[in-house]
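Here the structure comes first, spelled out in structure tokens, and everything after it is commentary.
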Amino acid sequence: MTIKSDELSTEMRALRDRVVGITDVVVASADGLLITAEADDTVDGECLAALAAASLSIARRAGTATGKGPVGHTVARFSDGYMVTQAVGDMALMAVLGDSGMDLKRFHAESQASADRIGLLLTAAAGSTQIG
């Protein structure tokens, strides 16, 4: 699979630039395997990818069990910030960490377009056989 990590990184940085308070962004497969990360050294991208996949999976099961429909994203609020997990189609996800001042309203307005663009990049790469 060829994943144009420069293009993914550019999209992830653009989301971070558009939304105040985003500190880290990770793209992973739906089963929690890290694809790429725009994160500082204090964040373990592989761990975050796995945790995000688990939280999104639980939310998907809850949506099915309660009849509320498919999940779009999850939000966890902590004493010092947020973790938002956004579905990227059926096969991937985007995990976003933010500080306590993260603009969630702006994130909700911007995140679906970023997830759609990331999904297109991943889909385009799915037919290729090289990692690049």
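Check off (1) part of a helix (DSSP H, G or I); (2) surrounded by fewer than 20 Cβ atoms within 10 Å (Cβ to Cβ) for PRO70 and give me the number that stays unchecked.
(1)
Return yes when GLU46 is in a helix (DSSP H, G or I), in contact with a strand residue (DSSP E or B) (Cβ under 6 Å, 6 or more places away or on another chain) and within 23 Å of THR123 (Cα to Cα) and no when it is not.
yes
Evaluate the following for ALA54: is it buried (at least 20 other Cβ atoms within 10 Å of the Cβ), touching a residue at least 12 places away in the same chain (Cβ under 8 Å) and among the small types (Gly, Ala, Ser)?
It is false that ALA54 is buried (at least 20 other Cβ atoms within 10 Å of the Cβ), touching a residue at least 12 places away in the same chain (Cβ under 8 Å) and among the small types (Gly, Ala, Ser).
Exactly one condition in (1) loosely packed, with under 12 Cβ neighbours inside 10 Å; (2) free of Cβ contacts under 8 Å to residues at least 12 places away in the same chain; (3) within 20 Å of GLU11 (Cα to Cα); (4) hydrophobic (A, V, I, L, M, F, W, C) is not met by ALA109; state its number.
All conditions pass for ALA109, except number (1).
Determine whether the range 79-93 contains at least one residue that is assigned to a loop (DSSP other than H, G, I, E, B), surrounded by 12 or more Cβ atoms within 10 Å (Cβ to Cβ) and in contact with a helix residue (DSSP H, G or I) (Cβ under 7 Å, 6 or more places away or on another chain). Spell out the reasoning first.
As a first pass, look at the range 79-93 and keep what is assigned to a loop (DSSP other than H, G, I, E, B): 79-80, 89-91.
Next, only the ones that are surrounded by 12 or more Cβ atoms within 10 Å (Cβ to Cβ) stay: 89, 91.
Subsequent filtering for residues that are in contact with a helix residue (DSSP H, G or I) (Cβ under 7 Å, 6 or more places away or on another chain) retains 89.
Yes, because at least one residue in the range 79-93 is assigned to a loop (DSSP other than H, G, I, E, B), surrounded by 12 or more Cβ atoms within 10 Å (Cβ to Cβ) and in contact with a helix residue (DSSP H, G or I) (Cβ under 7 Å, 6 or more places away or on another chain).
Values quoted throughout were computed directly from the atomic coordinates according to the rules given, and no laboratory measurement underlies them. For clarity, every value in this text was computed on a predicted model and none was experimentally measured. Positions of Cβ are generated from backbone atoms using ideal geometry, with glycine treated the same way; all protein chains shown enter the neighbour counts.
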